[in-house]
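Student: So that we are looking at the same thing, I have put the structure below in structure tokens.
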Amino acid sequence: MPWTSATSDGDASSLTSVLVLGGSSAVGAFAILQLRKFLPASTVILTTCSTRNHDLVKSLGANNAFDPTSATLLDDIRAASPSKGGVPAILDCVNGAAIRHDTLEALDAHGSKLFVEVPSGTNIAPEQIPEGITAKKAGAYAIIEKMGMVEGGSGLRDLMVAFEGLLERKEIGMPLKVDVVGQGLESIEQGLDRLKKGVSATKLVVTL
């Protein structure tokens, strides 16, 4: 896990709680599944998503879910954390911290203060991350480096082969509804139009 080296003893299993931003997104839902699978049952998994998806993320393994637009978001997260002071780690799957900077205040001042984000074009700027917070990326290249794979095209191929094997063995799967928009590159525009209209707890796919 990308935050393992930032915990006090180098063991992610020591995390008492974690906050996943965007739990009903494809990445967020998958993250909740994997966190619940690999972290101790006592670890409290909190997440943010729209209220209509709260039951969904709880079924995946989240202990509690919060509306990211709520005025009481930070207080609610702190109250739900074991320490009552916030969480030691945040995993941002939807640029939540870039949209709402005060989300980082949900980190426990006395914890690991680790912020992990999935790379995209709209991540929070480094200068907007308060001092004392350890920030890391959780993208494909970060996984390649962590696993000691070869950088570049061969490393990505190795990673995709590894994921393909996990899918074939049904060790992992898509936790959300999959909607095939169409086939061929000409269907991409149709998919983008769907996104503009709003898609929730659904993975849009274009087959080639």
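Student: Restricting attention to the range 58-91, which residues are among the β-branched types (Val, Ile, Thr) and buried (at least 22 other Cβ atoms within 10 Å of the Cβ)?
Tutor: Result: 77, 87, 90.
Student: For the range 33-52, how many residues are buried (at least 24 other Cβ atoms within 10 Å of the Cβ) and either touching a Ser or Thr at 6+ places or on another chain (Cβ under 6 Å) or of a type in the set (Asp, Glu) (or both)?
Tutor: The number of residues fulfilling the criteria is 1.
Student: How do the strands (runs of 3 or more DSSP E) wholly within the range 134-208 filter down when requiring 1 or more residues that are more than 25 Å from residue 24 (Cβ to Cβ) and modelled with pLDDT of 85 or more: which remain?
Tutor: Hits in the range 134-208: 134-137, 177-183.
Student: Return only the number of the condition from (1) out of contact with any Gly (no Cβ under 7 Å at 6 or more places or on another chain); (2) farther than 12 Å from residue 46 by Cβ that residue 110 does not satisfy.
Tutor: Going through the list (1) out of contact with any Gly (no Cβ under 7 Å at 6 or more places or on another chain); (2) farther than 12 Å from residue 46 by Cβ, residue 110 breaks only (1).
Student: Give me the residue from the range 120-137 that is more than 16 Å from the chain's Cα centre (by Cα) and polar (S, T, N, Q) and, out of that set, surrounded by the fewest Cβ atoms within 10 Å (Cβ to Cβ).
Tutor: Per the stated criteria, the residue is 128.
Student: Please enumerate the residues belonging to the range 172-188 that are loosely packed, with under 12 Cβ neighbours inside 10 Å and more than 24 Å from residue 23 (Cβ to Cβ).
Tutor: Across the range 172-188, the qualifying residues are 183, 184, 185, 186.
Student: Just checking, how many residues over the range 16-69 are touching a Pro at 6+ places or on another chain (Cβ under 7 Å) and in a helix (DSSP H, G or I)?
Tutor: Matching residues across the range 16-69 total 4.
Student: Based on this model, can you work out whether residue 55 counts as surrounded by fewer than 16 Cβ atoms within 10 Å (Cβ to Cβ), assigned by TED's automatic domain parsing to the domain that holds residue 15 and among the acidic types (Asp, Glu)?
Tutor: Spelling it out, residue 55 is indeed surrounded by fewer than 16 Cβ atoms within 10 Å (Cβ to Cβ), assigned by TED's automatic domain parsing to the domain that holds residue 15 and among the acidic types (Asp, Glu).
Student: Take the residues in the range 92-119 that are over 17 Å from residue 131 (Cβ atoms) and among the charged types (D, E, K, R); name whichever of them is surrounded by the most Cβ atoms within 10 Å (Cβ to Cβ).
Tutor: Result: 92.
The values are calculated or read from the model by the stated rules, or taken from the named source; none is laboratory data. Every value quoted in this text rests on a predicted model; they were computed, and no experiment measured them. All Cβ positions, glycine included, derive from the backbone under ideal geometry; neighbour counts span all protein chains shown.
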